[in-house]
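Quick notes on the structure that follows.
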Amino acid sequence: MQQIFNFVIRNKTFLLFLLLFGIALSLTIQSHSYHRSKFINSANSITGGVYGAFSGIDQYFSLKSQNALLLEENNKLRSQIFNYSNETDSILIDSSFSKQKFRSIPAKVYSNSYSRPKNYLTLNKGKRDSIKQDFGVITSKGIVGIIDNTSNGYSTVLSILNENSAINAQLKSSNQIGSLRWNTISPYIVQLEDISKFANIAIGDTIITGGQSSIFPKGIGIGTIASFEENTNGDTYNIEVKLFNDMTNIGHVFIIENLDIEEIKTLEQNNDE
Amino acid sequence: MNNIVTNNIFRFVLLLITQVIICNNINFLGYINPYIYIIFILLFPVTNNRLVFLLVAFILGMLVDMFSNSGGVHAAAAVLLAYTRPVLLKFSFGMLYEHQAIKFSNLELGSLISYVSLATVIHHLVLFSLEIFNTSQILQILEKTLFSSIFTIILSILLIILFGKRK
């Protein structure tokens, strides 16, 4: 017993080092798997407060590009209104039958990373604004990611530029679905896998979100096909997708809540039993 | 004594904020960021109480991890750097360290550069190995370590000289 104590006291520095290094290592390994509720993340009041205090200064630097984005979106919406009102002028829509399926909540990006293999964003909306895990996050141009952790006032987003991210996507021209992943190389290019060889694809085709997952509504833009090749050992294509969004410059986003998610989840659970 | 403690707390907070607000967002050429918070670990007073030193380094790394959502990679690299620091000090400063007479404010430039460079390379190598965590991407790990190290070393030495001379 005496010897054990002596050993501990003699090597206390090394033992403390091992302990701390072990903790750090286990947290690192935990962060390599998808959606393990993490203890260390930027959705808390300390980091949120600091980011919030400095984002006031930071946003002035991107004012010009954010204005250009807004103008572009306004233009898009305006042209939609013009076309919409002409077609549906005389059709009476009974609002009691058309149920709202998705709700969107605007949020501001407090921090954004895109140079690491696992990238996250921090937003200034959290549980208080009824944001929960697995809500989708988009901009006016296309998708950004999925809500990962939430605290009272802040939330983190698992960016599509993250090794762990896999998002259901499809071709706009046909209904071939695949999953969207990232090979960590360029923040402008993501990879679309598992598109069957039967699909007719061409460079420049648009990729949109598929309706299979209950996170995003069907038809949110993702990007265009930059290049593609046949998978060496299968009947699928490997497609490089150029994103609509400039992930390196994101100021404002919309969080998408699927209002039917509870119903869908219970239905799926019933199926499993 | 008190002065040293306040000085270090001040340096801790200032370096942490600078790191997470500015340096994490530089992304020079797409992916090169300096990690200047290690200056705190490099300049921590040389004492016999290494337990406190290890703990403080761990907390600093953990906070950087928290801000950048990176699991525990910064904490691991910071703790390892803190643990190996005596070896680096002995290698770079030799006799000065043996006599416990190091003052970081007036050092030879040559030994300062070798100290900062060695420490930075060790820290960055551990950092990027854990971050990428994939043996098939060893080239990418080395590439990131090299470029980020150059950036960090230049910036750290400039900062140490700039803010060290006044005292």
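Between region B:1-68 and region B:122-167, the C-alpha centres lie 14 angstrom from each other. The angle between the Cα long axis of helix A:12-30 and the main principal axis of chain A comes to about 20°, on a 0 to 90 degree scale. In the distance distribution for region B:46-96, Cα-Cα pairs more than 12 Å apart total 63 percent.
Using a Gaussian network model of chain A whose springs link C-alpha atoms within less than 10 Å, name the residue from A:173, A:26, A:104 with the highest mean-square fluctuation. Most flexible of the set in this elastic network: A:26. Principal-axis analysis of the Cα atoms of chain B puts helix B:2-17 at an angle of about 20° to the longest axis.
Distance from the Cα centroid of region A:159-204 to that of region A:212-273 is 8 Å (rounded to whole angstrom). Over all residues in A:175-187, what is the mean tally of Cβ atoms on other chains that come within 10 Å of each residue's Cβ? Average neighbour count from other chains, rounded to a whole number: 1. Peptide A:107-119 has a mean shielding of 5, counted as Cβ atoms of other protein chains within 10 Å of each residue's Cβ. Between chain A and chain B, the total buried accessible area stands at approximately 3200 Å², from heavy atoms with a 1.4 Å probe.
Each peptide among B:116-126, B:2-12, A:222-232, B:150-160 gets the average number of other Cβ atoms lying within 10 Å of its residues, and from highest to lowest they stand as B:116-126, B:150-160, A:222-232, B:2-12. Over chain B, accessible surface divided per residue gives 48 Å², non-protein components excluded, 1.4 Å probe. Per atom type, chain A shows carbon and sulfur on 54% of its accessible surface, probed at 1.4 Å.
Derived scalar couplings between HN and Hα for region A:119-125 equal 10, 9, 10, 10, 10, 9, 10 Hz in order, rounded to whole Hz, by the Karplus curve 6.51 cos²θ - 1.76 cosθ + 1.60 (θ = phi - 60°), x for Gly and Pro.
Calculation over all alpha carbon pairs of chain B in 5 angstrom steps from 0 returns a P(r) of 1, 9, 17, 23, 23, 15, 8, 3, 1, 0 percent. Any chance you could give the angle, 0 to 90 degrees and rounded to 10, that helix B:50-68 forms with the longest Cα principal axis of chain B? Rounded to the nearest ten degrees, it is 30. Shown for chain B: the carbon plus sulfur share of the solvent-accessible area, taken with all protein chains present and a 1.4 angstrom probe, equals 72%. Shielding of peptide B:12-22 by partners, expressed as the average count of other chain Cβ atoms within 10 Å per residue Cβ, is 2.
The values are calculated or read from the model by the stated rules, or taken from the named source; none is laboratory data. Source: prediction; values computed, not measured. Heads up, the Cβs are rebuilt from the backbone with ideal geometry, glycines too, and the neighbour counts pull from every protein chain shown. For accessibility, only protein heavy atoms count, side chains too; no ligands or nucleic acids. Shrake-Rupley method; radii C 1.70, N 1.55, O 1.52, S 1.80 Å.
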